[in-house]
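No value in this document is a laboratory result; all are computed from the given coordinates. The shown structure was predicted, so the numbers you read here are calculated from the model rather than taken from an experiment. Methodologically, a virtual Cβ is constructed for each residue, glycine included, from the backbone with ideal geometry; neighbour enumeration extends over all protein chains shown.
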Amino acid sequence: MTAATSTFSKLPPLPALRDFIHMYRLKAKKILSQNYLMDMNLTRKIARKANFDSNTHVIEVGPGPGGITRAILDEGCARLDVVEIDHRFIPPLEHLAEAADGRLHIHRGDVLKTDLATIFKDAKIVQQKEWFDFSPNSHIIGNLPFNIASPLIIKFLREMSREEGPWQFGRTPLTLTFQLEVAQRLCGEIDSEHRSRLSIVTQYICEPKILFVIPGVCFVPKPEIDVGVVKFIPRAEPLIPCDFAVVEKVARQTFTFRQKYVSKCIKTLYPTEIADEMAHDLLKNCRIDPTQRPFKLGIDEIGAMCVFYEKQCQKMPGLFLHEVFKKNQTIEMLANEPNALPPTFKKLKGGISYSSFEDGIPLSKLSN
Ligand SMILES: C[S@@+](CC[C@H](N)C(=O)[O-])C[C@H]1O[C@@H](n2cnc3c(N)ncnc32)[C@H](O)[C@@H]1O
């Protein structure tokens, strides 16, 4: 399908969402974090702000009774595949599919275990792009259940950083909802109260933006919190030249104690007997003030720490597997594990030069 040939018709009149819910007896289940978005102005706003065109193959996660599903179809897309875990929603979604001119396809299953790449691949709509080109005609959208929002975004970010799963076709954007506090952490800027591990692992690989906030009262049943709609655009070039597992580990340990000195946090990367020396080496090489607080560190500083830590791990097999809470595992024991060395970064073809990182110096400190 090309831009010139794609056409779609709006959905014919359907029973109102509220009537749908009564017709199909769709009482929300707390265990699946079901909070329905009933206001079609808001569902339309999500679809509009996601900003895809009529050639786009969209995947929606957790469609529930189909409020956002209707809006995506009406906004105009080449095809929409939905992944829903709760069998009760299949009949109303089939009802919707009958009205959707063959554009709506339903998959019953857990999105965490569903192969989204195969959905894109089998439909043969998504035009593969080189990673550096702008995004392919694919988009993933969802008003996520709160209980899986965090594991799902981590899975997506990991796949994105390795150009795997739906990102094997290029830079597929995401538009997802999160409880506002999580949305703010994903987008947390340096020196802000929201800066966290999540800010780093998100922002080094993509550009996240809170599109708008939906007050909790707009959902049925209403959660006690507000919800942020976040759009993620994968970066052409990651800001840190290390594998996701390395960035995730350094970011996690750097934010172990938010208000303490970074030196105290970084020591948790190493066994106690070598922690002082190894942490000192890392901070000195990266020109980072040991008394700095974690939330005041820029991505380039954390990037430099990742590069240096990775080198330390290469020299000391087993170090990468060290976890501060696993007291009885020595580096000698861990060195015999199959993944005793950190995964290597898949270098992108062309693009920015990571040479300054090779010396372990953050870009912002090069002129100092
Ligand atoms: C917060 S509700 C949103 C429903 C609908 N999208 C809306 O905005 O009204 C979350 C939806 O995700 C579904 N869900 C929960 N866990 C899921 C999972 N692991 N995989 C796929 N869907 C899931 C729930 O059954 C529910 O329909």
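Tell me, yes or no, whether region 203-221 has at least one residue that is surrounded by fewer than 16 Cβ atoms within 10 Å (Cβ to Cβ), part of a loop (DSSP other than H, G, I, E, B) and in contact (Cβ under 8 Å) with a residue 24 or more places away in the chain.
Yes, region 203-221 contains at least one residue that is surrounded by fewer than 16 Cβ atoms within 10 Å (Cβ to Cβ), part of a loop (DSSP other than H, G, I, E, B) and in contact (Cβ under 8 Å) with a residue 24 or more places away in the chain.
Does residue 156 meet the test of being within 16 Å of residue 78 (Cβ to Cβ) and either part of a helix (DSSP H, G or I) or in contact with a helix residue (DSSP H, G or I) (Cβ under 6 Å, 6 or more places away or on another chain) (or both)?
When the stated conditions are applied, residue 156 does not pass them.
Specify which of the listed residues (117, 149) is touching a helix residue (DSSP H, G or I) at 6+ places or on another chain (Cβ under 9 Å), hydrophobic (A, V, I, L, M, F, W, C) and more than 27 Å from residue 20 (Cα to Cα).
Only one candidate passes the filter, namely 117.
Wholly within region 271-335, which helices (runs of 4 or more DSSP H) include no fewer than the required count, namely at least 2 residues that are basic (Lys, Arg)?
Details: elements: 272-285, 299-315, 331-334.
Filter on region 271-335 gives 299-315.
Give region 231-285 a look and list any residue that's closer than 28 Å to residue 183 by Cβ, among the polar types (S, T, N, Q) and surrounded by fewer than 16 Cβ atoms within 10 Å (Cβ to Cβ), or say none.
259, the sole residue that qualifies.
Suppose we filter 181, 189, 193 for residues that are in a helix (DSSP H, G or I), at negative phi and away from the ligand (no atom under 15 Å from the Cβ); which single one remains?
Just one listed residue meets the conditions, 181.
Going through region 102-138 one residue at a time, which ones are within 15 Å of the ligand (Cβ to nearest atom) and touching a residue at least 60 places away in the same chain (Cβ under 8 Å)?
119
To keep it simple, each residue is scored yes or no on (1) surrounded by fewer than 22 Cβ atoms within 10 Å (Cβ to Cβ); (2) in a loop (DSSP other than H, G, I, E, B).
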| residue | (1), (2) |
| --- | --- |
| 52 | no, yes |
| 59 | no, no |
| 64 | no, yes |
| 74 | yes, no |
| 89 | no, no |
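For residue 239, only one of the following conditions fails: (1) touching a residue at least 40 places away in the same chain (Cβ under 8 Å); (2) among the hydrophobic types (A, V, I, L, M, F, W, C); (3) assigned to a helix (DSSP H, G or I). What is its number?
In the conditions (1) touching a residue at least 40 places away in the same chain (Cβ under 8 Å); (2) among the hydrophobic types (A, V, I, L, M, F, W, C); (3) assigned to a helix (DSSP H, G or I), residue 239 misses (3) alone.
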